[in-house]
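Structure, as structure tokens:
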Amino acid sequence: MSSTTLALDWTPNTNHTGFYVAKAEGYYDSAGIDADFLSPAADDCETTPAKRVATGESTLAIAPSESAISYHTHPEYASLVAVAAVCQRDTSAIAALGDSEIERPRDLDGKTYASYDARFEDDIVRQLIRNDGGDGDIEITTPPKLGIPNTLLEGDADATWVFMPWEGLQAERDGIDLTPFSLDEYDVPYGYTPTVLAHPDTVAERSDELAAFLRASARGYRLAADDPDRGARALIETADVEFDEEFVHESQRRIADAYLTPDGEWGVMNRERWATFVSWLTDESILTDREGEPIPRGELDVDGLYTMRLLE
């Protein structure tokens, strides 16, 4: 059996269900793959999933589009490639407490934002505020990553980035109202989140293995989309985490329709979506090199950021 390691972007949750379904149902075993999932809790998020791939610690990583873009502008590491989109629609949002005075993004001027310290993240949030007529003047804090969603509840930040079917649902079940701002609602043409990233050498040298892993994963996501409760059970039973089972089942039902295209395909990516996001980052002077210098339009190869070859 070949060994494939997937570095998760967060502790196991319903973004990851298809992978756990594939493991629970034996899809990876049938494909001759020994699949192992790495939780970021193992080192308290000291190493990003993308860096684990860049350094050879992991075969694949779960990460947003920005990670692929970032590694294509990094002088010290290989240009990582997105090989699949985990979700077809963005289920994330910038969220503030519902009982605060923040009713729309421009109200975040002068407020505190709890950041994951991801490249481009803070500038994307600032531009979201500007798109709503604000100045983008926010104070950035960088709490321990796994505790960031709690910063709102503890009064340590006024807003942060959350996934609504997970942290949003958690707040709802705790009786806490959130005011979410989806990026597309405020003219931020966000890319795919999350994606599956691979090292370009791995794509070239182990393409059959990666394709087999993605096929098995696609089966897992199709099952989770078609039968959310079965998907939830697989996540609960397979992930080494103590879950509130009722919560997981509800989260699964809320995210299930985000996994697949209208044609029932998992993982596919559209060039226009990648190109639009990169163009927006360029137009807003967010796309810069490691020294902060703007990268001119056309210098970043959009076609190099992702590949559909392994899905085909």
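Some values worked out for this structure:
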item: Compactness relative to 2.2 N^0.38 Å, alpha carbon Rg of the stretch 1-136; result: 1.27
item: Label-point separation, Ile176 to Leu153 (7 Å along Cα→Cβ), nm; result: 0.5
item: For the stretch 137-213, convex hull of alpha carbons as volume per residue, Å³; result: 176
item: Distance cut-off 25 Å, percentage of C-alpha pairs in the stretch 176-287 lying past it; result: 43
item: Of Arg253, Arg52, Arg297, the one that fluctuates the most in a GNM where the chain has Cα springs shorter than 10 Å; result: Arg297
item: Options Thr112, Ile102, Pro165, ranked by Cα towards positive dipole end of the stretch 92-186, top entry (Cβ charges); result: Pro165
item: Extension gain from Ser285 to Glu185, taking 0.36 nm per residue of separation minus the Cα-Cα distance; result: 33.9 nm
item: Glu139 versus Thr11: modelled label distance in nm, points set 7 Å from Cα along the beta carbon direction; result: 2.8
item: Kirkwood Rh and Cα Rg combined as Rg/Rh, the stretch 92-186; result: 0.92
item: Reachable lysines from Lys145, criterion Cα separation under 18 angstrom, eight or more residues apart if same chain; result: Lys51
item: Mean ellipticity per residue at 222 nm, deg cm²/dmol - from DSSP H runs of n ≥ 4 across the chain, formula -39500 (n - 2.57); result: -9500 deg cm²/dmol
item: Convex hull of Cα atoms in the stretch 174-234, direction-averaged projection (nm²); result: 7.4
item: Lys, Arg +1 and Asp, Glu -1 on Cβ, resulting dipole of the stretch 210-303 about Cα centre, debye, nearest 20; result: 400
item: Which of Phe37, Phe19 has the fewest Cβ neighbours within 10 Å, and the rest in rising order; result: Phe37, Phe19
item: Beta bridge orientation in the chain: antiparallel %, DSSP, nearest 5; result: 60
item: DSSP-defined beta bridges in the stretch 59-207 - what % are antiparallel, rounded to 5; result: 75
item: Cα Rg, Dmax (largest Cα-Cα span) when computed across the chain, Å; result: 18.8, 56
item: Relative contact order of the chain, defined on C-alpha pairs under 8 angstrom at six or more residues apart (%); result: 28
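Values quoted throughout were computed directly from the atomic coordinates according to the rules given, and no laboratory measurement underlies them. The structure presented is a predicted model; accordingly, all values stated were derived computationally and were not measured. Glycine also receives a Cβ, built like all others from the backbone with ideal geometry; neighbour counts cover every protein chain displayed.
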